[in-house]
Amino acid sequence: MKKLSLKIKLTLLYTFFMILATAAVLAILFSLSSREILASTQAKLERRVQDSVDDITLQGGELKVDSDFYSVTRDVYLSLYDSNMYFLYGKVPYGFDQQPEISDGETRRIREGSLEWYVYDMSFRLAENYTVYVRGITSVTEAEENFSVTIRFAIILFPLMAVVTAFIGYRSTRRTLLPVKKMIYTVQKIRADADLSQRIGLEGGGEKSRDEIYSLAWTFDDMLDELEEVFKREKQFTSDVSHELRTPVSVILAQCGECLEDNTLSERQRCQIELIEQKAKNMSRMISQLLFLSRADQGRQPLNRERVNVSELTQMAAEEQQMLADAEGNDVTVSCRIEPDITAYVDESFYIRLVVNLISNAVSYSTKGGSVLVTLSLLNGELLGSVQDNGVGIAKEDQAHIWERFYRADTSRSGGSHSGLGLSMVKWIAQAHGGWVKVESSPGKGSIFSFGLPADKDLTDTVNEKQKL
Ligand code: ADP
């Protein structure tokens with residue numbers, strides 16, 4: 001029951017209560033009708049017997065019975081007895097073979113085999129010493145049978161009615177819940193495309209037909225309007241701040257360079273200025289990453305695709321990272337397994353950024369004596385690459401978040417150029433090319449970052465990845 005959709009649950013509930021209510025109403029109706037039918041059969045019998053006295057007369061001491069007495073009117077059979085219960089005239093229904101005692105003025109219900117009868121006796125005094133008895137007999141079974149036909153019809157119609165009720169219930173529930181379905185679809189699309197510009201946009205339903213679900217959908221759309229506005233402002237703010245910081249950071253870097261040319265500086269002063277220069281360089285890198293991402297957000301980051309030899313680019317990036325690692329004294333070996341001369345239709349500088357970010361991360365998060373393996377191959381028109389290290393690894397709960405901006409799973413490495421923006425750029429670049437990127441990692445053992453990019457022009461042309469969130 002828990003797994004059923006709300007639509008089915010509501011339909012079942014609705015149908016169940018409809019069946020219950022109808023069954024109760026029918027039961028009450030049948031019981032009242034049954035009682036009513038029996039009462040009216042009884043009344044008919046008594047009236048017929050009472051009316052029959054007009055057909056019996058005493059003429060010159062002789063008993064005369066009108067022919068009407070013999071007719072079976074209103075299903076009532078009449079018979080006439082003398083005071084010794086001797087049958088004189090009339091008819092007794094077929095199947096009624098008993099001769100019950102006279103019981104004046106009382107209706108009795110008598111069963112004989114499978115049949116049941118109402119019997120009503122009435123005395124009629126014709127003269128001073130001459131009393132006869134009129135007996136009326138009518139079938140209870142027949143009266144009940146007419147009624148049982150109705151019950152049988154009801155029993156046949158009842159399941160049919162349940163099916164019709166369930167069908168109507170399902171249709172109307174589906175219509176009522178349609179806005180909810182649209183809301184779910186919109187939310188899923190917002191999540192999948194990371195696009196806040198989507199709206200539920202329920203149509204129809206003027207001011208009067210605003211039910212709760214419509215109101216919820218409109219409120220949700222209003223909230224999305226506001227959220228989109230806030231995000232836009234936030235992106236604009238990031239872009240403005242980055243632009244504003246670019247100039248002072250360039251000035252700091254230029255000034256540091258000039259100061260370091262001064263030979264009169266003491267060792268201590270030189271160290272201090274070098275530190276300032278290093279931090280300013282990190283800051284400058286972060287600013288350019290922020291500008292990159294904010295341009296991407298605003299759809300102002302065009303891809304200049306051309307056919308390039310990605311094997312060579314990847315090899316060069318790996319060698320460069322090995323040199324940097326050596327220069328920084330990192331005891332890490334970067335090796336490659338790259339299929340030669342793979343060409344792909346990509347933006348060269350973005351592709352280099354992607355590979356460099358992955359390799360530099362692998363080097364940074366490697367332990368002493370670690371090794372990094374860079375692979376590249378072409379499979380069914382898809383460029384498949386991976387950067388594998390045997391470093392610190394990433395905890396399961398962090399793996400989904402490392403692509404978010406400024407998210408850093410390993411905050412212990414706060415020095416240097418770790419800003420938490422690198423993988424956001426990697427993801428954007430892969431998606432902008434119509435590709436993907438993923439991570440497999442286990443803490444203490446290492447990580448594999450893999451990516452796939454369509455290598456051919458036709459495949460990449462259609463892709464215009466938005467990353468607005
Ligand atoms: P950062 O500048 O901090 O490296 P990134 O966006 O490149 O930012 O990476 C986000 C986080 O993902 C890092 O802070 C780190 O915790 C984790 N990470 C990235 N690459 C690796 C790796 N190869 N091994 C272990 N952790 C990694």
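The values are calculated or read from the model by the stated rules, or taken from the named source; none is laboratory data. The structure presented is a predicted model; accordingly, all values stated were derived computationally and were not measured. Glycine gets a Cβ as well: all are built from the backbone with ideal geometry, and neighbour counts include every protein chain shown. Just so you know, the surface numbers come from the protein's heavy atoms only, side chains and all, with ligands and any DNA or RNA stripped out. Shrake-Rupley method; radii C 1.70, N 1.55, O 1.52, S 1.80 Å.
Its alpha carbons considered, region 65-217 gives a radius of gyration followed by a Dmax of 35.6, 110 Å. Note on region 228-297: with neighbouring protein chains present and a 1.4 Å probe, carbon and sulfur make up 56 percent of its accessible heavy-atom surface.
Putting +1 on Lys and Arg Cβ atoms and -1 on Asp and Glu Cβ atoms, find which of Leu227, Ala430, Leu291 reaches farthest to the positive end of the dipole of the chain. In the chain, that residue is Leu291. Basic side chains Lys and Arg get +1 at the Cβ, acidic Asp and Glu get -1 at the Cβ, and with that the dipole of region 6-150 about its Cα centre reaches some 1000 debye.
Note: relative contact order over the chain, using C-alpha pairs below 8 Å and six or more positions apart, is 10 percent. Spatial offset of region 143-189 relative to region 301-355 amounts to 65 Å, using the alpha carbon center of each. Considering only alpha-carbon pairs that sit under 8 angstrom and 6 or more positions apart, the relative contact order computed for region 243-334 is 24 percent.
For region 421-454, the residues whose backbone nitrogen is under 16 Å from a point 7 Å from the Cα of Glu320, taken along Cα to Cβ, are 426.
Counting only heavy atoms of the protein chains and using a 1.4 Å probe, Arg174 has close to 100 Å² of accessible surface.
Every helix of 4 or more DSSP H residues in the chain counts as -39500 (n - 2.57), and over all residues that averages to -18000 deg cm²/dmol at 222 nm. Using C-alpha pairs below 8 Å separated by at least 6 residues, the relative contact order for region 69-219 is 15 percent. Taking only Cα atoms, what is the 0 to 90° angle, nearest 10, from helix 310-327's long axis to the longest principal axis of the chain? In the chain, helix 310-327 runs at an angle near 60 degrees to the longest axis. Among DSSP beta bridges lying fully in the chain, give the percent that are antiparallel, nearest 5. Counting only bridges with both partners in the chain, antiparallel ones make up about 90 percent.
May I ask you to give the solvent-accessible area per residue for region 1-121, in square angstrom, as obtained with a 1.4 angstrom probe?
On the way: 7660 Å² over 121 residues.
Per residue, region 1-121 has an accessible area of 63 Å².
Do me a favour and compute the ellipsoid semi-axes for the chain from its Cα gyration tensor, root of five times each eigenvalue, largest one first, whole Å. Numbers along the way, then the final one.
Details: eigenvalues 2199, 108, 71 Å².
In descending order, the three semi-axes are 105, 23, 19 Å.
Quick check: the angle from helix 348-364's long axis to the longest principal axis of the chain, C-alpha only, nearest 10 degrees? So the helix axis and the longest Cα principal axis differ by about 90 degrees. Stretched out straight at 0.36 nm per residue, the stretch from Ile156 to Phe231 would grow longer than its current Cα-Cα span by 20.8 nm. Full extension of the segment from Val180 to Arg268, taken as 0.36 nm per residue of separation minus the current Cα-Cα distance, would add 24.9 nm. Karplus-derived 3J(HN,Hα) values for region 179-188, using 6.51 cos²θ - 1.76 cosθ + 1.60 with θ = phi - 60°, are x, 5, 4, 5, 5, 4, 4, 5, 4, 5 Hz; glycine and proline are entered as x. Identify all aspartates and glutamates with a Cα-Cα distance to Lys427 below 12 Å; exclude those on the same chain that are fewer than 8 residues away in sequence. List returned: Glu404, Glu465. Heavy-atom accessible area, probed at 1.4 angstrom with all protein chains present, ranks Leu115, Leu6, Leu453 as Leu6, Leu115, Leu453, highest first.
I'd like the FRET efficiency for Arg191 and Ser40, computed as 1/(1 + (r/R0)^6) with the beta carbon distance as r and R0 of 56 Å, rounded to 0.05. Can you show the working numbers first?
Numbers: r = 70 Å, r/R0 = 1.25.
With R0 = 56 Å, the Cβ-Cβ based efficiency is 0.20.
Within region 6-150, the percentage of alpha carbon pairs spaced more than 25 angstrom apart rounds to 42%.
With +1 on the Cβ of every Lys and Arg and -1 on the Cβ of every Asp and Glu, and nothing else charged, how large is the dipole of region 101-204 about its Cα centre, in debye rounded to the nearest 20?
1380
For the pair region 372-386 / region 46-81, the C-alpha centres are spaced 112 Å from each other.
Give me the 1.4 Å probe accessible area per residue for region 212-349, excluding ligands and nucleic acids, in Å².
Working: 8700 Å² over 138 residues.
Spelled out: the 1.4 Å probe surface of region 212-349, per residue, equals 63 Å².
On a per residue basis, region 360-432 carries 43 Å² of accessible surface, using protein heavy atoms and a 1.4 Å probe. Sorting the segments 61-74, 369-382 by their mean number of nearby beta carbons within 10 angstrom, highest to lowest, gives 369-382, 61-74.
Residue by residue, region 36-41 carries 3J(HN,Hα) couplings of 5, 5, 5, 5, 6, 4 Hz when phi is fed to the Karplus relation 6.51 cos²θ - 1.76 cosθ + 1.60 (θ = phi - 60°); x denotes Gly or Pro.
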